[in-house]
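Please treat every number below as a calculation from the coordinates, not as lab data. Not measured: the values here are computed from a predicted model. Note that we place each Cβ from the backbone using ideal geometry, even for glycine, and neighbour counts take in every protein chain shown.
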Amino acid sequence: MATYELIEQKELTSTTASITFSSIPSTYEDLLLYISSRNNDIYNEVHFRFNGSSASTYSGRNLYGNGSSPISSSSSSISSLQNVTVQSVSGQTANTFGNIQLYIPNYLTGNYKSIGGDGVQENSGSSAQAMIGAGLWADTAAITSIQAFPSVGSFVANSNFYLYGIKNN
């Protein structure tokens, strides 16, 4: 049975361009990041960087849908992990937040880091998206910090970020 321990929580009180969890302890096997967020722009993708690295060592692949047709895309040799999750955005139902989950197994190993993610927009209008994706950080360093930021715009107040450490008992 796995044990989940809250490492840190961040609740935004104002519009913020990015958040960073720094000094992640090395006492867990895996990491889990939960996000409830909204962007003040119309673009819905959230990007991630590990250890502040903006080197072109990230790649991602996803499958998403908008209620009428599934779409797949991929990216490689990019400067942040993207194409893995979505969030609610300006122009959608007011005061609603999208939900994101990012799972990072074996974050301490000397191997490349695989990442699984999913996200869904909350919108009572006619168009919203759900996405599931996988990513890779082609670096052998242990993950000691995680930065999350929208590709454009900023996270709005009341967005919440929770980082959990997972211990396998």
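The string of couplings for segment 103-115 from the Karplus curve (6.51, -1.76, 1.60, θ = phi - 60°) is 10, 10, x, 6, 5, 9, 5, x, 9, 4, 9, 8, 9 Hz, one whole number per residue in order, with x for Gly and Pro.
Peptide packing: for 95-105, 158-168, the average count of neighbouring Cβ atoms within 10 Å per residue gives the ranking 95-105, 158-168, highest mean first.
Inter-part distance, segment 1-54 to segment 94-148, computed on C-alpha centroids, equals 9 Å. One entry in (i) 1.13; (ii) 0.96; (iii) 1.05 is Rg/Rh (Cα atoms, Kirkwood Rh) calculated from the shown coordinates; its label is (ii).
The modelled label-to-label distance between Ser56 and Asn95, using points 7 Å beyond Cα along the C-beta direction, is 4.6 nm. Mean sequence separation of contacting Cα pairs (under 8 Å, at least six apart), scaled by the length of the chain, corresponds to a relative contact order of 41 percent.
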